[in-house]
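In what follows, a structure is listed as structure tokens, so that the remarks can point back to it.
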Ligand code: GAL
């Protein structure tokens, strides 16, 4: 697909963010635009901080295109999977690389739910189930991009109203997803939404991480702040049980190599073809709490995930199969990347014992997830 660089709109915005050396902006934000072969315009935003990190995101799918992070020797690598050309994503075969997924991220069993006595049928786009918002979820639509300046520094806010009935969901849903890069190497994702009719909602960020920037993620070490997880049936719909991780391959309470138990005979690992489950986060209160820590021993890069959400889907890239060629000609093979999707639990609209995903008029959906990159 041919991509034209239209213009470098708006010179670098140098705004104060956190502690700042005089004369040296802590975080910069620039915007450029590209058009795809069909003439569709996509705006791309680039955030850079004084530590040398760079995050790029675009209006299509509110997708995070890249996140460049130094290793322990200071060498930069892009730690998220995707394509070099922003227009390439419009082809529609991306497995949600970097996107905001919704209206309901993750699965809804039998592709239907009942709310206030009315049943809503949804697209069955994952066997008999509904996945990641349907045939054309929030990852495959154009959002509006807007540069925001607040006390935390410059951010890019993506806004969109999902029309009443879109993909079968009730209510016009007005959303705002903001990406902020801080001088402390955090990528803050703020979600906000309101509706004009009762609806269900579960928004998440679907970046695939590989802290080495290449190869597979089996040698990454993961810690998850969770004593329980939600076991699934063979179609990956939770049974409703909150099971202990004790004595299972799901116990990541201590940092553990992802590859160590991924080949386990545990029936849950067969259903997921590896890790593809929701962990019930151990929370210390209502606010932001530590969910996950990822470490790549070779490069020294680390990633910490904190969230206000009750759950985290750890997906070990089991469906990546070498059919997609991504950045720099890299072929994305089995387990080239992993997702840490902060969220409500899968199939909550059909599971009364799970935390609610219902949003009603007059209420505001507000969640926050912080990805912090580092090295050791
Ligand atoms: C994940 C999900 C996987 C798979 C993947 C996309 O979020 O847990 O089962 O659907 O997205 O390929």
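The values are calculated or read from the model by the stated rules, or taken from the named source; none is laboratory data. This is a predicted model, so every value here is computed, not measured. Every residue, glycine among them, receives a Cβ derived from its backbone with ideal geometry; neighbour counts consider all protein chains shown.
Scan (1) over 25 Å from residue 83 (Cα atoms); (2) more than 16 Å from the ligand (Cβ to nearest atom); (3) surrounded by 14 or more Cβ atoms within 10 Å (Cβ to Cβ) for the single condition residue 247 breaks and write down its number.
Every condition holds for residue 247 apart from (3).
Would you confirm whether any residue within the range 297-317 is touching a helix residue (DSSP H, G or I) at 6+ places or on another chain (Cβ under 8 Å), touching a residue at least 60 places away in the same chain (Cβ under 8 Å), under 13 Å from residue 340 (Cβ atoms) and within 16 Å of the ligand (Cβ to nearest atom)?
yes
Considering each of 235, 256 in turn, give the residue that is in contact with a strand residue (DSSP E or B) (Cβ under 8 Å, 6 or more places away or on another chain), in contact (Cβ under 8 Å) with a residue 40 or more places away in the chain and surrounded by fewer than 20 Cβ atoms within 10 Å (Cβ to Cβ). Break it down stepwise before answering.
On the way: 256 fails: in contact (Cβ under 8 Å) with a residue 40 or more places away in the chain.
Going through 235, 256 in turn, just one is in contact with a strand residue (DSSP E or B) (Cβ under 8 Å, 6 or more places away or on another chain), in contact (Cβ under 8 Å) with a residue 40 or more places away in the chain and surrounded by fewer than 20 Cβ atoms within 10 Å (Cβ to Cβ): 235.
Does residue 322 fit the bill of being crowded, with 19+ Cβ neighbours inside 10 Å and within 15 Å of the ligand (Cβ to nearest atom)?
So residue 322 fails the test.
Between a first residue in the range 121-146 that is within 23 Å of residue 43 (Cα to Cα) and without any contact (Cβ under 8 Å) to a residue 60 or more places away in the chain and a second residue that is more than 14 Å from the ligand (Cβ to nearest atom) and in a strand (DSSP E or B), which pairs have beta carbons less than 6 Å apart while being 6 or more apart in sequence or on different chains?
146/157
With respect to residue 368, is the statement that it is more than 16 Å from the ligand (Cβ to nearest atom), closer than 27 Å to residue 180 by Cβ, modelled with pLDDT of 95 or more and surrounded by 16 or more Cβ atoms within 10 Å (Cβ to Cβ) true? Lay out the reasoning, then the answer.
On the way: more than 16 Å from the ligand (Cβ to nearest atom): yes; closer than 27 Å to residue 180 by Cβ: yes; modelled with pLDDT of 95 or more: yes; surrounded by 16 or more Cβ atoms within 10 Å (Cβ to Cβ): yes.
When the stated conditions are applied, residue 368 passes them.
Could you say whether any residue in the range 320-342 is outside any loop (DSSP other than H, G, I, E, B) and out of contact with any strand residue (DSSP E or B) (no Cβ under 8 Å at 6 or more places or on another chain)?
yes
Of the residues that sit in the range 161-184 and are crowded, with 19+ Cβ neighbours inside 10 Å and at positive phi, which one is farthest from the chain's Cα centre (by Cα)?
My answer is 171.
Where in the range 54-108 are the strands (runs of 3 or more DSSP E), entirely inside, with at least 3 residues that are under 28 Å from residue 351 (Cα atoms) and within 16 Å of the ligand (Cβ to nearest atom)?
Here the list reads 99-101.
Here are 338, 320: which of them is more than 14 Å from the chain's Cα centre (by Cα), within 26 Å of residue 54 (Cβ to Cβ) and in contact (Cβ under 8 Å) with a residue 24 or more places away in the chain?
Of 338, 320, the one residue that is more than 14 Å from the chain's Cα centre (by Cα), within 26 Å of residue 54 (Cβ to Cβ) and in contact (Cβ under 8 Å) with a residue 24 or more places away in the chain is 320.
Output the residues belonging to the range 267-283 that are free of Cβ contacts under 8 Å to residues at least 40 places away in the same chain and surrounded by fewer than 15 Cβ atoms within 10 Å (Cβ to Cβ).
The answer is 267, 270.
Go through the range 190-215 and give me each residue that's more than 16 Å from the ligand (Cβ to nearest atom), closer than 29 Å to residue 321 by Cα and crowded, with 17+ Cβ neighbours inside 10 Å.
Step one: filter the range 190-215 for residues more than 16 Å from the ligand (Cβ to nearest atom), giving 190-201, 211-215.
In the following step, the residues that additionally are closer than 29 Å to residue 321 by Cα were identified as 211-215.
The answer is 211, 212, 213.
Search the range 111-143 for residues being out of contact with any strand residue (DSSP E or B) (no Cβ under 7 Å at 6 or more places or on another chain) and either more than 19 Å from residue 206 (Cβ to Cβ) or part of a strand (DSSP E or B) (or both), and hand back the single one that is farthest from the ligand (Cβ to nearest atom).
The qualifying residue farthest from the ligand (Cβ to nearest atom) is 117.
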